[in-house]
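Since every read-out is calculated from the coordinates, none of them should be taken as a lab result. The shown structure was predicted, so the numbers you read here are calculated from the model rather than taken from an experiment. Backbone-built Cβ (ideal geometry, glycine too); neighbour counts: all protein chains shown.
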Amino acid sequence: MTMFVLQIVILCLVATAIVLWALYFPYPSPLIRRWLPPRKRWPETQIRMWLKQGQFQRAFLRHFYSDPERIAPPGNSVLAPADGLVTSAEIRAGVRYLVIALSFWDMHVQRSPVSGRVLHVESRGDGFMDGEGREFAFLREKSCPVQKRLVIATDAGQVAVRLITSIAARRIETWVRDGEEIERGQRIGRILLGSTVVLELPAATKLLVRMGDRVWAGQTAVAEGLTAP
Amino acid sequence: MNSFFWTCGYLGWGIFSLAVFTGLWLLLTDLFWRLQSIRISRLLVTMATGWIIGVGLILLDFYIGNR
């Protein structure tokens, strides 16, 4: 009898695992999630579905809002302000725009690329984003409706970090104020469900990364040779 | 062959092993599919082959044990 009970218990456990698998398919069952990397643990289609519903899995939110410690490399190199992929490094009008695209699975806290003083924190588009309806529909036409631009003055010139979010997210927090002295690698803000961070550097700066490279905020050196104009 | 399904008050080890193996193999296939970038046809052929071998071994073991 004991053997029979043991067999039934084992069969029930296996059946439960299969039922969970079937209930969650095509997304991973909670039983195997822990063994999957974030990108596979929460597939993009699932996250987009949550975005539409406005409900997210707690474990995903914990991962999304995680803010791990980072150790800045020694030296004076310019650090990546965000986690993500370098998608562009164009020079326009004497400014090099290093564009870093964040994915849903990247850490969303931004860090200062250099030590210096915050000259100003500009907000762009926030005022229009509070209302829904007509204005909202109009703004959908714009590619970058919500931005915060932090200008940092260093001994060797100015550097700017632009935090850009999407119309679906519409929230950016900045944790530094005008006139504040900040350290290289210090946390400067967070994009909530946002998309892009642009680092604006003098054109003469030597880039250490290329398009397609993966960078980590406050940890990856992206440029060096920041010199006063 | 009756002992395959039922033996002295509990499930026969044959059917029990088959059920557990099949369930775990299905879950393993799912995990493997998620972790590896592999074509679905190739994955299905690989895992089906593994399942056939596993079932074959269970049946063989049962046959040898009951000879």
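A few comments on the model shown:
- Exercise: per-residue mean of other protein chain Cβ atoms within 10 Å, B:26-34: 5
- Ellipticity estimate at 222 nm from DSSP helix runs (n ≥ 4, -39,500 (n - 2.57)) divided over chain B, nearest 500: -26500 deg cm²/dmol
- Of all the options A:Val19, A:Val78, A:Val161, the one that moves most in a Gaussian network model of chain A with Cα springs shorter than 10 angstrom is A:Val19.
- Debye log10 I(q)/I(0) for the protein assembly as shown, one point scatterer per Cα, at q = 0.13, 0.14, 0.15 Å⁻¹: -0.94, -1.03, -1.13
- Rg/Rh (Cα only; Kirkwood hydrodynamic radius) as it applies to the range A:2-64: 1.15
- Computed from phi, the 3J(HN,Hα) profile of the range B:51-67 under the Karplus parametrisation 6.51, -1.76, 1.60 (θ = phi - 60°) reads 5, 4, 5, x, 5, x, 5, 5, 5, 4, 4, 5, 5, 5, x, 10, 6 Hz, with x in place of Gly and Pro.
- For the protein assembly as shown, the dipole from Cβ point charges (+1 on Lys and Arg, -1 on Asp and Glu) about the Cα centre works out to 480 debye, to the nearest 20.
- Zero-based 10 Å bins, Cα pair distances in chain B, whole percents: 20, 41, 24, 13, 2
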